[in-house]
Amino acid sequence: EQYVSFDYTKTLMTIQYQADNLAQVRQIPDMLHRLSQKDSLTPVIGGPSLTDKDISESVEHGQYYSLLAAFVAILILLSLIFKSIYAGMLGSLPLVFAVLCTFGLMGWLGIELNIVTALLSSISIGLGVDFTIHVLWRIKWELASGNDYAGSITSTLKTIGRGIIINACSVMLGFAVLFLSAFPLIRSFAFLIIVSLILCLVSGLVLVPAMCYLFRPEFLNKPIKNTYE
């Protein structure tokens, strides 16, 4: 009764297999359908592996929409803060660089996108935009104080640049505790978060000032009302 129906038209087969990644799991349904067609059978395939596959695919598809929504939100936020759509575009580019490099590293190292690592992009974007806003606003303040672009960028890096580095290092040390976890997913998540923070730090302290110096956007030259140091 556990393996064959009463009319002997249906049977339950339990198949054990070894798959190193989800790409191999995705091939199993097609392979079983091809094998069953030789005997005119109609298989119904299930199991925890396929459930994990469906969850991973949902996470992957949801990641695309969440990233798009996050970048649109950052674009609108920066545009409202600096009252310029160009500010939103300029501030979003370093975040795009950091996220693309992080996911590229995941692919190169063979780290799969799962429920845990899917949180990576949201955290990195949230931290990265904080660095970007601090740098852009300080450069704007220095320009309003009468400095040129070179002097404003130098003063920015000497003042809040140190604070941003200390902030990033403290956050990285906090996430480094996760390396003590017994779960490989948690350890890989900690590694990717630290890498992402380094990329966000480089983007905020190198890419943002470099783009400001090269393009010299107009929104940075607008006067600041009611500012104080």
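The values are calculated or read from the model by the stated rules, or taken from the named source; none is laboratory data. Source: prediction; values computed, not measured. Quick reminder, even Gly has a Cβ in these numbers, built from the backbone with ideal geometry, and neighbours come from all protein chains shown.
I need every pair where a residue in region 22-45 that is closer than 21 Å to Glu60 by Cβ has its Cβ under 6 Å from the Cβ of a residue that is in a loop (DSSP other than H, G, I, E, B) and among the aliphatic types (A, V, I, L, M), sequence separation at least 6 or different chains.
From residues that are closer than 21 Å to Glu60 by Cβ, the pairs are Val25/Ala19; Pro29/Ile45.
The conditions are (1) modelled with pLDDT of 80 or more; (2) surrounded by fewer than 18 Cβ atoms within 10 Å (Cβ to Cβ), and Val129 fails exactly one of them. Which is it?
That leaves (2) as the condition not met.
Would you list the helices (runs of 4 or more DSSP H) that sit entirely within region 152-229 and hold 2 or more residues that are farther than 18 Å from Ala98 by Cα, in contact (Cβ under 8 Å) with a residue 60 or more places away in the chain and not β-branched (Val, Ile, Thr)? If you could, list the steps in order and put the result at the bottom.
Working: elements: 160-176, 184-202, 208-215.
The helices (runs of 4 or more DSSP H) meeting that bar are 208-215.
Name the residues in region 28-54 that are assigned to a helix (DSSP H, G or I) and either of a type in the set (Val, Ile, Thr) or farther than 28 Å from Leu113 by Cβ (or both), would you?
Listed by number, the residues that qualify are Ile28, Leu35, Ser36, Gln37, Thr51.
Would you be able to say whether some residue in region 126-145 is part of a loop (DSSP other than H, G, I, E, B), of a type in the set (Asp, Glu) and assigned by TED's automatic domain parsing to the domain that holds Leu80?
no
Any chance region 5-26 includes a residue that's outside the structural domain of Trp137 (by TED's automatic domain parsing) and acidic (Asp, Glu)?
Yes - at least one qualifying residue is present in region 5-26.
Can you work out which of the residues in region 145-170 that are hydrophobic (A, V, I, L, M, F, W, C) and surrounded by 16 or more Cβ atoms within 10 Å (Cβ to Cβ) is farthest from the chain's Cα centre (by Cα)?
The selected residue is Ile153.
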